[in-house]
1. Could you give the distance between the Cα centres of the stretch 293-370 and the stretch 518-543, to the whole Å?
2. In the structure displayed, which of Lys280/Lys422; Lys208/Lys252; Lys231/Lys392; Lys258/Lys370; Lys208/Lys375 lie more than 23 Å apart, Cα to Cα?
3. When the helices in the chain are scored as -39500 (n - 2.57) per DSSP H run of 4 or longer and the sum is shared across all residues, what 222 nm value do you end up with, to the nearest 500 deg cm²/dmol?
4. Under a straight-distance cross-link criterion of Cα-Cα below 19 Å, which aspartates and glutamates are reachable from Lys155, leaving out those fewer than 8 residues away in the same chain?
5. Rounded to a whole number, what % of the accessible area of the chain do carbon and sulfur atoms account for, probe 1.4 Å?
6. Rounding to the nearest 20 debye, state how big the charge dipole of the chain is about its Cα centre with +1 on each Lys and Arg Cβ and -1 on each Asp and Glu Cβ.
7. Using only the Cα atoms of the stretch 651-758, build the gyration tensor, take square roots of its eigenvalues as a ≥ b ≥ c, and label the shape rounded, prolate or oblate: rounded if a/c is under 1.5, else prolate if a/b is larger than b/c, else oblate.
8. Of the listed pairs Lys428/Lys647; Lys377/Lys398; Lys136/Lys197; Lys197/Lys279; Lys125/Lys197; Lys497/Lys567, which have alpha-carbon separations greater than 19 Å here?
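The values are calculated or read from the model by the stated rules, or taken from the named source; none is laboratory data. Since the model is a prediction, treat every value here as computed from it, not as a measurement. Heads up, the Cβs are rebuilt from the backbone with ideal geometry, glycines too, and the neighbour counts pull from every protein chain shown. All accessible areas refer to the heavy atoms of the entire protein, side chains included, with ligands and DNA or RNA removed. Shrake-Rupley method; radii C 1.70, N 1.55, O 1.52, S 1.80 Å.
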Amino acid sequence: MRHILKLHVRKRALLASLLIFNMLMATRVILSRSVHPLLLKCTPFPHFAPKHLPKSQSCPLWSSSFTFCLSLHKSATTNPSLSSRPCSSLSATAMASSASVDEALEANPLLQDFDFPPFDVVDAKHVRPGIRALLKKLEGDLEELERTVEPTWPKLVVPLEKIIDRLSVVWGLVNHLKSVKDSSELRSAIEEVQPEKVKFQLRLGQSKPIYNAFKAIRESPDWQTLTEARKRIVESQIREAVLSGVSLEDDKRDNFNKIEQELERLSHKFEENVLDATKKFEKLVTDKNEIEGFPATALGMAAQTALSKGHENATAENGPWIITLDGPSFLSVMQHAQNRSLREEIYRAYVTRASSGDLDNTAIIDSILKHRLEKAKLLNYNNYAEVSMATKMATVAKAEELLEKLRSASWNAAVQDMEDLKNFSKSKDAPEADDLMHWDTSFWSERLRESKFDINEEDLRPYFSLPKVMDGLFNLANMLFGINIEPADGLAPVWNKDVRFYRIKDSSGSPIAYFYFDPYTRPSEKRGGAWMDEVLARSHVLSRDGASARLPVAHMVCNQTPPVGNKPSLMTFREVETVFHEFGHALQHMLTMQDEGLVAGIRGIEWDAVELPSQFMENWCYHRDTLMSIAKHYETGETLPEETYKKLLSARTFRAGSLSLRQIRFASVDLKLHTDYIPGGSESIFDVDQRVCERTQVIPPLPEDRFLCGFSHIFAGGYAAGYYSYKWAEVLSADAFSAFEDAGLDNSKAVKETGHKFRETILALGGGKAPLEVFVEFRGREPSPEPLLRHNGLLGTASA
């Protein structure tokens with residue numbers, strides 16, 4: 001769902017300190033949906049065509065030689081310090097202890113070779129020894145690379161990719177479990193080894209032998225003979241090395257490295273505080289009158305939460321019920337609770353999350369901004385936004401120009417939106433009509449939507465059961481891109497019983513990719529929001545057989561309403577859009593035809609272009625044939641009435657001005673904090689937010705609004721000075737979809753042809769070609785903002 005400001009995201013942004021590893025791990029955060037308007041291995045790896053694998057394979061991670069290195073007791077000659085000592089000098093106790101340690105390492109699932117990661121057996125106890133053994137091995141690999149490096153692909157990029165990929169896969173596995181199966185033990189283990197991991201990243205990112213070798217390739221006579229993808233890799237590596245501090249010396253480098261370590265620590269702490277603050281809040285309701293207006297789905301979910309908290313007799317009808325700040329629960333209150341005081345209480349709790357007591361993120365934010373500015377200065381940039389833009393399509397000026405164009409096109413429409421709400425609520429004799437507050441707008445927006453379009457989102461839920469939605473989504477992918485998606489549960493280990501696993505085949509029936517899908521909210525252990533991440537990337541270097549490329553594997557994670565009782569997960573239309581969105585990200589990762597692993601799939605794509613396929617896929621939720629294929633009543637099988645579809649289509653631009661301004665607020669405050677803001681100065685971060693809101697919010701935020709304390713996208717994710725990317729990519733995605741409109745959405749032959757072209761360009765080329773060039777190759781021209789404004793019903797406003 002739209003990033004319920006938790007995010008992320010973790011995901012999980014790693015430092016810009018590791019050459020391209022930065023970009024690889026950054027994808028672990030960037031591929032998430034934007035903030036909700038209310039809420040904010042090893043080598044070799046297999047060529048994935050495995051047999052049935054209910055459990056992970058248990059082979060040594062790289063080779064018997066690696067295990068041998070860890071088994072000091074097996075041969076004294078493997079360690080000079082032991083070779084000069086007689087075996088008898090080792091006590092039986094010491095030898096037994098050494099053997100025990102070695103056996104534990106050999107059995108550590110993080111150090112096994114696997115077709116798919118052993119999500120089912122990795123535990124906190126494996127993290128410290130596993131990551132340390134991994135880093136020790138990679139340190140040796142890096143030393144060997146630096147000793148033997150030559151400015152050629154086999155002697156530079158191939159061994160480098162293997163090092164990067166090993167750490168990316170194993171650390172990604174651990175970090176993923178922290179996001180979906182959080183525990184204090186896992187947090188502690190990650191926190192302990194994280195500095196060691198960052199130290200290695202910095203060591204790799206600042207390697208002068210590697211940096212000089214890449215520069216030599218660029219300056220060699222053979223440069224013009226390289227493929228475009230390889231040129232992109234070389235140029236990216238050089239740029240990332242500079243951003244990683246490779247040119248810094250002595251005290252400046254030491255200071256830079258300390259900053260990177262501290263930024264990593266702070267971002268993890270920020271995200272943990274958001275998760276803990278969200279989990280901490282619970283409101284027990286025993287009087288049903290307090291939650292008058294709650295739909296049946298929300299009542300069932302609140303009762304189910306109460307059951308999980310020890311209220312054994314809780315039922316949807318009689319309670320008790322527990323309200324939390326988790327996305328589905330929070331939205332139910334904001335949109336449906338007739339009890340205004342309850343809406344106010346929950347709203348205030350949400351916008352002040354992680355802003356007080358032991359979980360207060362205020363000082364952490366200031367420290368993050370201070371360290372980012374110091375980092376920028378060390379790299380000879382004026383501010384951190386310039387550092388961020390060094391790896392994007394846009395510049396600060398161009399991003400600000402786009403946001404202002406969209407703001408001016410949205411403002412009058414947003415003002416009219418608020419007038420409409422005031423007039424409507426007044427017509428319903430609402431006492432708050434003349435003084436609507438933030439906790440009123442969603443409630444009255446839903447009532448106005450119901451009145452104006454005769455659509456009740458809760459009444460639509462029975463038509464959007466998860467199984468039908470997924471079937472329709474997969475049929476759409478088949479029609480557009482010629483792929484077949486089939487269940488493959490049991491083939492790969494999973495981290496929760498609700499996680500599904502799928503195989504993707506091309507038209508010939510050959511497997512080309514795999515993905516996991518974790519759909520439901522689990523507030524006690526899973527962070528909020530929705531995201532896609534890579535598990536394994538396509539790569540020829542990491543091929544099992546040396547011929548066919550290693551196949552890509554992805555995972556999609558959502559936080560939608562879980563099944564209640566005997567009912568399947570019945571989705572809101574927004575949740576349907578979210579699944580389509582994340583699947584768009586996954587498609588770009590899985591349908592890549594790029595065999596250069598460092599720029600395959602979502603790797604190496606400029607940050608502000610990566611949302612193109614995800615937002616593109618959302619458009620298909622309004623396509624008649626697509627929607628009708630998924631909108632089947634879960635009990636009767638009845639298709640959504642045609643009249644309802646037309647109403648849903650008409651409602652698409654409902655409050656588009658307000659929703660646009662909300663996103664522009666987030667993007668604008670992000671840029672302001674990373675350009676103009678002076679940490680420790682006279683103006684606080686909240687003053688900056690209030691100033692931005694004067695131009696982006698029709699209703700000013702509350703003086704005590706602490707939304708920034710939960711803005712994980714930019715403080716714990718990869719969107720720092722990059723949140724504008726959602727709007728930037730929205731321009732690209734709307735224009736891309738307009739190609740299908742131009743071809744004729746009712747012309748199946750033309751749609752398939754256009755879909756094939758989209759697959760061969762946007763989805764296939766990965767980071768091996770500049771995104772603007774990829775777009776022009778698909779569209780035949782550079783992008784235009786006109787389709788986006790038209791889709792949002794703002795084109796007339798913009799013209800005016």
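1. Spelled out, the Cα-based centre of one part sits 25 Å from the other.
2. Numbers: Lys280/Lys422 35 Å; Lys208/Lys252 16 Å; Lys231/Lys392 17 Å; Lys258/Lys370 13 Å; Lys208/Lys375 19 Å.
Check vs 23 Å cut-off fails for Lys280/Lys422.
3. -17000 deg cm²/dmol
4. Glu139, Asp141, Glu143, Glu144, Glu146, Asp165, Glu219, Asp222, Glu235, Asp595, Glu596
5. On the way: 14600 of 29460 Å².
On the chain, the fraction of accessible area on carbon and sulfur atoms equals 50 percent.
6. 1360 debye
7. Working: a/c = 3.81, a/b = 2.31, b/c = 1.65.
Cα axes put the stretch 651-758 in the prolate bin.
8. Numbers: Lys428/Lys647 22 Å; Lys377/Lys398 22 Å; Lys136/Lys197 10 Å; Lys197/Lys279 29 Å; Lys125/Lys197 17 Å; Lys497/Lys567 17 Å.
Beyond 19 Å: Lys428/Lys647; Lys377/Lys398; Lys197/Lys279.
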